[in-house]
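The values are calculated or read from the model by the stated rules, or taken from the named source; none is laboratory data. None of these values were measured; they are calculated from a predicted model. Here the Cβ positions follow ideal geometry from the backbone for every residue, glycine too, while neighbour counts run over all protein chains shown.
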């Protein structure tokens with residue numbers, strides 16, 4: 001959907017954004033209810049501008065990277081304030097460092113869990129082999145006539 005005058009910039013319907021970003025209308029409406037998107041209202045229709053489109057793209061990226069919607073909204077809102085670009089970049093870097101630390105901790109925990117599971121797999125495999133070997137040995141002993149059976 002394009003604007004009627006070049007000064008207005010591009011305008012988008014909810015369906016346009018859904019198609020472009022492969023999200024549902026419910027997702028777009030939810031991001032609006034969270035204050036991330038601020039479309040114009042024309043009756044029942046929502047009209048999104050280029051800024052909303054960019055905010056949606058950044059919000060979806062932020063969510064994929066593990067940021068909360070509150071963090072995403074805060075980072076996006078900083079840009080709109082006086083001197084906001086510097087504040088936004090500083091806050092985004094701080095949240096990014098925090099997210100990296102969290103992910104590194106989760107990776108460390110996952111690596112420890114993998115090592116423990118691998119140890120258990122080896123132990124249980126060995127026990128299973130021993131159990132099968134003992135049982136097979138018992139069956140052979142019963143069937144060879146050496147233990148009182150003819």
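List of remarks:
- Set side by side, the residues 103, 58, 128, 78 differ, and just one is in contact with a helix residue (DSSP H, G or I) (Cβ under 9 Å, 6 or more places away or on another chain), assigned to a helix (DSSP H, G or I), surrounded by 10 or more Cβ atoms within 10 Å (Cβ to Cβ) and at pLDDT 90 or above, which is 58.
- Filtering the range 22-55 to residues that are surrounded by fewer than 17 Cβ atoms within 10 Å (Cβ to Cβ), closer than 25 Å to residue 93 by Cα and in contact with a helix residue (DSSP H, G or I) (Cβ under 6 Å, 6 or more places away or on another chain) leaves 34, 35.
- The range 1-17 - residue that is modelled with pLDDT of 55 or more and part of a loop (DSSP other than H, G, I, E, B) and, of those, surrounded by the most Cβ atoms within 10 Å (Cβ to Cβ): 13
- Test: residue in the range 23-38 that is farther than 22 Å from residue 78 by Cβ, part of a loop (DSSP other than H, G, I, E, B) and modelled with pLDDT of 95 or more: yes
- A Cβ distance below 8 Å, combined with a sequence gap of six or more or placement on separate chains, defines the contacts here; from the range 83-104, residues that are under 16 Å from residue 66 (Cβ atoms) reach residues that are assigned to a helix (DSSP H, G or I) in the pairs 91/74; 91/75; 91/78; 92/75; 95/71; 95/75.
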